[in-house]
Amino acid sequence: MFVFRYEKNPDGTDRPTVYHVNMLKPGNYFLAQKFILQNKDVFYLAGARANEPIKLLQTITQVFAPFFLIRSAVN
């Protein structure tokens, strides 16, 4: 999980800041609950490596599904 925001420097200028929380560590769930999002923050939830095989299977299914539908409609 990433949060991108601009933080004010002591001299008043904006500094881009990135907050990263590794959600694979159970204790970080409690940390994430305490983190307060602010106006104009950008929240990005990165895809997990464990989802990559599922994404591949979904892509293959979407490619071949029309062929199976046509084949079953013809028969």
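The values are calculated or read from the model by the stated rules, or taken from the named source; none is laboratory data. All values derive from a computational prediction rather than experimental measurement. As a convention, Cβ positions derive from the backbone with ideal geometry for all residues, glycine included, and neighbour counts pool all protein chains shown. Ligands, DNA and RNA are excluded from the accessible area calculation, which covers all protein heavy atoms including side chains. Shrake-Rupley method; radii C 1.70, N 1.55, O 1.52, S 1.80 Å.
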K8 free of Cβ contacts under 8 Å to residues at least 40 places away in the same chain, in contact with a Lys or Arg (Cβ under 8 Å, 6 or more places away or on another chain) and not β-branched (V, I, T): yes
Members of region 34-63 found to be of a type in the set (V, I, T) and free of Cβ contacts under 8 Å to residues at least 12 places away in the same chain, listed by number: I36, I54, T59, I60, T61, V63
Residue in region 1-24 that is farthest from Y44 (Cα to Cα), counting only those that are hydrophobic (A, V, I, L, M, F, W, C) and open to solvent by 70 Å² or more (accessible area, probe 1.4 Å): L24
K55 part of a loop (DSSP other than H, G, I, E, B), open to solvent by 100 Å² or more (accessible area, probe 1.4 Å) and not hydrophobic (A, V, I, L, M, F, W, C): no
Residue count for region 11-43, restricted to those that are closer than 13 Å to M1 by Cβ, not acidic (D, E) and not in a helix (DSSP H, G or I): 12
Residue among A46, A32, A73 that is open to solvent by less than 100 Å² (accessible area, probe 1.4 Å), among the aliphatic types (A, V, I, L, M) and more than 24 Å from the chain's Cα centre (by Cα): A73
